[in-house]
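Right, one structure below, let's go through it.
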Amino acid sequence: MLIIKKAGALAAVLNDRRGQGYSIGFVPTMGALHPGHRSLIEAARLPNQFIAASIFVNPAQFNDPADFEKYPVTIEKDIEMLEYAGCDLLFLPAVADIYPDGWKNDQHYDLGFLETVFEGPFRPGHFQGVCQVMERLLRMVAPDHLYMGQKDYQQCMVVSRLLELMESSCVLHTCPTLREKDGLAMSSRNMRLSPADRPAATAIFEALSLIRAKLQPGELATLLAEAKEILTRNGFRIDYLNIADARSLAPVEYWDGKQSLVALAAAFMHEVRLIDNMLINPVPQPNASLAVI
Ligand code: AMP
């Protein structure tokens with residue numbers, strides 16, 4: 001696996017591969033890799049002749065500086081995992097390579113309604129920061145196919161919108177969420193859970209599973225209250241747990257029995273904030289291959 005730190009060297013390699021007619025798959029990450037990340041590399045393998053991953057902890061998308069400081073760094077283990085998974089190139093830029101003029105949030109992306117719900121109000125500026133880094137990475141890598149995780153459902157919708165704004169022909173593939181045996185969604189943040197908190201963290205999966213299992217047409221408030229109770233009983237402080245239209249993310253209070261739904265949650269276990277979601281019924285996505293988990 002090639003490890004490249006500078007955009008110029010990256011462009012030289014990718015232009016060469018493109019010249020050979022290779023399709024390029026791209027997996028952007030912030031490192032501290034786990035099997036969920038590896039599954040994205042595996043998804044990229046079949047349709048592409050060349051797979052590039054990036055590891056870059058993007059300061060522009062952390063609204064809480066302490067969260068940025070504490071973001072785990074396990075670079076040697078990450079390189080091993082990427083090599084083992086069959087990644088061809090790792091792009092490992094420094095902050096100054098991505099943001100030569102600094103990373104002030106002075107650029108605005110029109111994300112419309114998407115930015116006003118769920119993660120939006122709880123993490124002001126987060127999705128603008130995601131777009132800033134993704135636009136830069138996408139212009140540097142210019143992939144044919146982009147692989148991201150359904151674990152960050154709203155982020156996938158934001159990036160899909162960014163691709164539209166960029167008038168990019170890159171195809172976004174939204175890949176299923178990989179989970180631990182007890183259902184906890186794999187996440188780089190899980191390693192910050194204390195051994196005492198770790199078993200209780202599976203309550204997010206239990207709450208989402210309950211919603212999926214008990215969903216009936218009609219009012220959803222009682223079902224949501226029951227699901228929230230699972231979280232609070234297990235020591236979570238809830239930012240949100242809600243059901244939304246799977247295509248627009250508009251919250252749904254009354255289900256007509258037909259609309260495609262997604263349940264989304266974000267909650268703190270002590271100082272660790274976890275997010276997860278579950279598609280309740282199949283969603284045919286125009287621009288992305290969303291699998292039902
Ligand atoms: P991150 O390093 O957290 O920015 O994540 C990089 C990519 O991996 C994003 O597209 C995430 O949605 C995806 N990802 C994170 N956790 C999982 C998981 N458990 N299963 C599948 N993909 C994941």
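Regarding E119, is this residue among the acidic types (D, E) and within 13 Å of the ligand (Cβ to nearest atom)? Can you show your working first?
Values: among the acidic types (D, E): yes; within 13 Å of the ligand (Cβ to nearest atom): yes.
Here the answer is yes, as E119 does meet what is asked.
Residues that are hydrophobic (A, V, I, L, M, F, W, C) and touching a Lys or Arg at 6+ places or on another chain (Cβ under 6 Å): find the helices (runs of 4 or more DSSP H) completely inside the range 1-98 holding 1 or more of those. Talk me through it step by step, then tell me what you get.
Values: elements: 7-19, 35-45, 65-69, 75-85, 95-98.
Here the list reads 75-85, 95-98.
Annotation note: Cβ proximity below 7 Å between a residue of the range 29-45 that is closer than 17 Å to A185 by Cβ and a residue that is among the charged types (D, E, K, R) and more than 7 Å from the ligand (Cβ to nearest atom) (sequence gap 6+ or interchain) occurs for L33/D78. Screening the range 142-165 for residues that are open to solvent by 10 Å² or more (accessible area, probe 1.4 Å) and without any contact (Cβ under 8 Å) to a residue 40 or more places away in the chain and picking the one that is nearest to the ligand (Cβ to nearest atom) gives Q155.
Within the bounds of the range 149-167, is there any residue that is among the β-branched types (V, I, T), under 27 Å from E42 (Cβ atoms) and more than 17 Å from the chain's Cα centre (by Cα)? Step through it out loud before you land on a result.
Filtering the range 149-167 down to residues among the β-branched types (V, I, T) leaves 158-159.
Adding the requirement that they be under 27 Å from E42 (Cβ atoms) leaves 158-159.
Narrowing further to those that are more than 17 Å from the chain's Cα centre (by Cα): none.
Scanning the range 149-167, I find no residue that is among the β-branched types (V, I, T), under 27 Å from E42 (Cβ atoms) and more than 17 Å from the chain's Cα centre (by Cα), so the answer is no.
Please go through the range 166-176 and pick out each residue that is buried (at least 17 other Cβ atoms within 10 Å of the Cβ) and over 15 Å from F26 (Cβ atoms). Within the range 166-176, just P176 meets the criteria. Within the option set R212, R179, being open to solvent by 20 Å² or more (accessible area, probe 1.4 Å) and either under 18 Å from the mean Cα position of the chain (by Cα) or acidic (D, E) (or both) holds for one residue only, R179.
Restricting attention to the range 1-28, the residues being over 28 Å from N190 (Cα atoms) and open to solvent by less than 20 Å² (accessible area, probe 1.4 Å) number 4. If we scan the range 221-238, do we find a residue that is within 15 Å of the ligand (Cβ to nearest atom) and buried (at least 20 other Cβ atoms within 10 Å of the Cβ)? No, there is no match, as no residue in the range 221-238 is within 15 Å of the ligand (Cβ to nearest atom) and buried (at least 20 other Cβ atoms within 10 Å of the Cβ).
Is it the case that the range 55-78 has a residue that's at pLDDT below 95, among the aliphatic types (A, V, I, L, M) and open to solvent by 10 Å² or more (accessible area, probe 1.4 Å)? Yes: one or more hits.
The values are calculated or read from the model by the stated rules, or taken from the named source; none is laboratory data. All values derive from a computational prediction rather than experimental measurement. Counting neighbours? That spans all protein chains shown, and the Cβs are built from the backbone with ideal geometry, glycine included. Heads up: the accessible areas ignore ligands, DNA and RNA and are worked out on the full protein's heavy atoms, side chains in. Shrake-Rupley method; radii C 1.70, N 1.55, O 1.52, S 1.80 Å.
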